[in-house]
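First comes the structure, then the notes that go with it.
The values are calculated or read from the model by the stated rules, or taken from the named source; none is laboratory data. Everything numeric in this text was worked out from a predicted model, so none of it was measured. Here the Cβ positions follow ideal geometry from the backbone for every residue, glycine too, while neighbour counts run over all protein chains shown. All accessible areas refer to the heavy atoms of the entire protein, side chains included, with ligands and DNA or RNA removed. Shrake-Rupley method; radii C 1.70, N 1.55, O 1.52, S 1.80 Å.
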Amino acid sequence: MIYDVLIVGAGPAGLYTALALKEAGVERMLLLDQMDELGGQLNDIIEVDASFGEAGYTGVELADDLRRNIILHGIDYETESYVVSVDRDKVLQVLHPQKGLRRLQAHALVFATGARERPRGILKFTSKRATGVFSVGTARKFIVEEGYLPGKNIVIYGADWTGLYLTRLLITEGAAKVTIVDRAKELKFPNEELEAFFATYGVQLALGKNLVDIQGENRVSGVTLEGNSGNPKDRITLPCDTLLLSVGLLPQRSLFSKRFRRGLERQGAFVTGNAETITFDQGEIRARAEATAQEVTAYLAALAAEGKDSEKPKGECAPNDRQEDA
């Protein structure tokens, strides 16, 4: 069986795309995700956010709604399905714990593969491998999935939105103190949002500072910061029991970037959600997904039209192609 569409990634972008395609009349469609449940990053967001579309909605509740809609619309999906490779004929090699390794093919592919945290190695600092150093993504999973608070006196290195969102969660869950450290001398967020954020949560800031060392033998006991000038005399030490690294997100493109380098859409491959451009606004993710669904349906319609033209007997032309004699 050749599917009309295979969607790789069942986070919010993949789910919104599938629902929009179903509404447009696409039937032979399959959602694939390597996790054990649909929803992606939403399953780790227990905070309320205005972009979730409903007052008081959390990410977990939005994920539940999307899963329910997928089931109600009869959209086929597979979890625990890891896509090993993809080729230009739009054939996926998919590994599943029960079904084994299979080849799945479609007329069109949608990559909603999301984003992952950047590697820790991009931060150049020394470490004695003390415990208590995590990425913000790992810390969030500890809180949401395991019910553990990673520490009480916490330093977050990196002031992007992932760090700010986590700060709010840490304080809500019982952290005594959170300090955000960043190389930038000024944060690039709307001032009114920052003022409300810091006034509400009492977060400490250390801007224009680089992380150069981590103290502690068995457990982190502090971090050494240095100004952007690089002068050792400017170094200060902040005591802490936990260091969280907020190094930003990187779009997940490794699966398809080498196979479809240029003109993806012309080859029947489409990218949506954070695999395209990073955003934390679920409204924007939904808008992109719906736009992607429109592009996919237009591509499928063009394929169908080409197929009908190729099925015409030789010498026969469509009524609109006939020319009347003068």
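Things to note:
- The C-beta contact set for segment 97-125 (first residue modelled with pLDDT under 95, second residue open to solvent by 20 Å² or more (accessible area, probe 1.4 Å) and among the β-branched types (Val, Ile, Thr), distance under 7 angstrom, 6+ apart or interchain) comprises 115/278; 117/247; 118/247; 120/247; 122/247; 123/247; 125/212.
- Qualifying residue in segment 54-67 (condition: in contact (Cβ under 8 Å) with a residue 24 or more places away in the chain, out of contact with any His (no Cβ under 8 Å at 6 or more places or on another chain) and closer than 27 Å to residue 298 by Cα): yes
- Verdict on residue 174 being at pLDDT 90 or above, at positive phi and in a loop (DSSP other than H, G, I, E, B): yes
- Looking across segment 144-162 at every residue that is open to solvent by less than 20 Å² (accessible area, probe 1.4 Å) and among the aliphatic types (A, V, I, L, M), the one that is farthest from residue 208 (Cα to Cα) is identified as 154.
- Meets criteria (open to solvent by 10 Å² or more (accessible area, probe 1.4 Å) and within 18 Å of residue 94 (Cβ to Cβ)) for residue 27: no
- Strands (runs of 3 or more DSSP E) completely within segment 35-112 that count 1 or more residues being open to solvent by 30 Å² or more (accessible area, probe 1.4 Å) and within 30 Å of residue 166 (Cβ to Cβ): 76-78, 82-86
- When the test is whether a residue is surrounded by 12 or more Cβ atoms within 10 Å (Cβ to Cβ), at pLDDT 85 or above and among the aliphatic types (A, V, I, L, M), residue 255 passes it.
- Qualifying residue in segment 194-202 (condition: among the hydrophobic types (A, V, I, L, M, F, W, C) and at pLDDT 90 or above): no
- Restricting the search to strands (runs of 3 or more DSSP E) fully inside segment 190-279 and requiring at least 3 residues that are more than 30 Å from residue 84 (Cβ to Cβ) gives 204-207, 209-215, 222-227, 236-239, 242-245.
- Residue satisfying all of: in segment 269-288; hydrophobic (A, V, I, L, M, F, W, C) and in contact with a Pro (Cβ under 8 Å, 6 or more places away or on another chain); surrounded by the fewest Cβ atoms within 10 Å (Cβ to Cβ) among these: 278
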